[in-house]
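Step one of this worksheet: look at the structure below.
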Amino acid sequence: MQIDGGEERPAMEGAAAAASPAAVPPALKPVWVLLEEAAQMKTEGNAFYREKNIRSAVGRYHRALLILRSLDSKVHSTLKGFGPERPALTSEQETFLRNTQVDCFNNLAACLLQRESVDYSRVREYSLRVLEQRPADSKALYRVGVATLELGDAQQAKQYLTQACMVQPNDVNVRRYLQKVEEKLSHELVQEKAMYRGMFASSTKSSSGE
């Protein structure tokens with residue numbers, strides 16, 4: 001599956017470039033400059049991902065998220081009284097922040113799935129962050145389904161993957177993992193029946209021996 005977020009920029013891109021903000025401390029930078037920096041980090045992350053340079057891509061997405069965190073009204077509401085407060089974001093800025101944030105979480109999950117040793121807990125965490133903002137995001141539903149399956153909860157994984165299949169019914173990867181889920185659930189059912197048969201047989205022997 002592809003990563004999220006193209007080459008979009010805030011409307012104030014030209015002004016951001018003219019301001020040359022590199023030497024300015026982050027706390028003093030205007031909102032639009034920081035949004036532009038976050039967007040640039042995401043774009044660089046996307047380029048590294050396409051080049052299969054997963055480590056560098058992950059680093060760029062994390063940097064973008066750190067910048068966005070410094071602007072996030074949800075974070076600031078819990079830190080009132082600690083340092084100078086920024087003015088509230090405009091609706092346009094808030095939308096841009098959330099979209100960039102969600103793209104980065106989605107792309108981080110995609111990156112982690114490319115690693116030799118996959119941290120499925122993180123994949124699940126990042127994908128759930130995406131679904132908080134975009135409940136019908138098929139990529140996030142697929143990735144959280146994969147991660148949940150690998151973490152051992154086939155029943156929950158089936159719910160996520162079924163939703164992903166409803167959004168993208170022709171996606172081969174989603175269908176493949178749905179099949180894996182069904183196979184795992186069938187196997188678990190067989191094991192459960194065998195366990196109960198064993199318990200029943202043991203109980204019967206115990207009763208007849210008294």
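When the C-alpha to C-alpha distance is required to be over 29 Å, the pairs from LYS42/LYS180; LYS29/LYS74; LYS42/LYS184; LYS42/LYS139; LYS74/LYS158 that qualify are LYS42/LYS180; LYS42/LYS184; LYS74/LYS158. This ranking places ASP103, ASP72 by how few other beta-carbon atoms lie within 10 Å of each, fewest first, which gives ASP72, ASP103. Compute the signed sum of charges (Lys and Arg +1, Asp and Glu -1) over the other residues within less than 12 Å, Cβ to Cβ, of ARG176. Residues close to ARG176 contribute a combined charge of -1.
Computed extension gain for ALA194 through ALA88, at 0.36 nm per residue and net of the alpha carbon distance, reaches 32.1 nm.
Here, each number is a calculation from the coordinates, and none is a lab measurement. Remember, predicted model here, so these are calculated numbers, not experimental data. Please note: Cβ atoms are built from the backbone with ideal geometry, for glycine as well, and neighbour counts cover all protein chains shown.
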